[in-house]
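Report on one structure; see the data block that follows.
Just so it is clear, none of the values below were taken in a lab; they were calculated from the coordinates. As the structure is a prediction and not an experimental result, all values here were calculated from the model. For neighbour counting, all protein chains shown are included, and Cβ atoms are generated from backbone atoms with ideal geometry for every residue, glycine included.
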Amino acid sequence: MKAITMPRLAMVAVAAASLGLAACNDPADDATEQAADTVEAQSDAAADALEERADMTSGTPSEALENQADAVEKAGEAKADSLENKADEVEDQH
């Protein structure tokens with residue numbers, strides 16, 4: 001049985017919050033926010049996989065994988081933030 005990691009728990013919380021607000025939003029806004037959630041979830045999963053590989057190695061390769069995981073996670077968050085900002089713009093127009 002896999003342990004529930006903090007990123008997975010956060011992803012579930014974000015998804016639940018998004019569904020709770022879905023009834024209040026414009027369809028275009030909803031689609032953009034869902035895309036942002038998907039991007040963030042995929043980047044978190046990729047970063048988790050890299051971190052797991054880093055845990056199986058040591059030394060410089062491990063550090064490189066950890067750095068790559070951090071970069072993937074930051075890039076995913078930046079892309080998700082950009083999409084969320086676009087969703088906010090759509091919402092503000094209505």
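Below are the figures for this structure:
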{"quantity": "Surrounding net charge for Ser62, when Lys and Arg each add one and Asp and Glu each subtract one, Cβ distance under 9 Å", "calculated": "-2"}
{"quantity": "Calculated from backbone phi, Karplus (6.51, -1.76, 1.60) coupling profile of region 85-92 in Hz, x at Gly/Pro", "calculated": "5, 5, 5, 5, 5, 4, 5, 5"}
